[in-house]
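See below for the structure under consideration.
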Amino acid sequence: MAIISKEEVKKILQITDESKDEAIDLLILAVQDFVKAYCNNSFLNSEGAESFPEGLKLPVAKMIGIDLNKKILSGTQAESLGDHSISFVGDYPVSILKALNLYRKVKFV
């Protein structure tokens, strides 16, 4: 079971058309893998099946929204307008990572 459905992502991000459906499908899987790795949590229930908390849906949708709007997806890594320059990086805002921290598990090495 996916961490969030495409329909839920579209509702949260207020996307009404189908132009980004394919990208959303791919990003759900990518962000899900990122969340599992970042949280060091496989999110398995007592039966061994994946079960994600409802509290992850909003930060995951925000992450997908960020990824959908990154110019890096279209191949652009930086843009200049006169003296103003913007670089696009693959990091998520601290506020989203703080929300994910609630689900992190300690890893002992």
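The values are calculated or read from the model by the stated rules, or taken from the named source; none is laboratory data. The structure displayed is predicted, hence computed values, not measured ones. We work out accessible area using only protein heavy atoms, side chains counted, and drop any ligands, DNA or RNA first. Shrake-Rupley method; radii C 1.70, N 1.55, O 1.52, S 1.80 Å.
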Once phi for every residue in region 24-35 is put through the Karplus expression 6.51 cos²θ - 1.76 cosθ + 1.60 (θ = phi - 60°), the whole-Hz ³J(HN,Hα) values, with Gly and Pro written as x, are 4, 4, 5, 5, 4, 5, 5, 5, 4, 5, 4, 4
Largest-first ranking of Val106, Val9 by accessible area, probe 1.4 Å, whole protein assembly kept, is Val106, Val9
Over all viewing directions the Cα convex hull of region 1-70 casts an average projected area in nm² of 4.7
Per the rule of 0.36 nm per residue minus the C-alpha distance, extending Leu68 to Ser5 adds in nm 21.1 nm
Note, region 94-109: 3J(HN,Hα) by Karplus (6.51, -1.76, 1.60, θ = phi - 60°), whole Hz, Gly/Pro = x, goes 4, 4, 6, 5, 5, 5, 6, 4, 4, 10, 6, 10, 5, 10, 9, 10
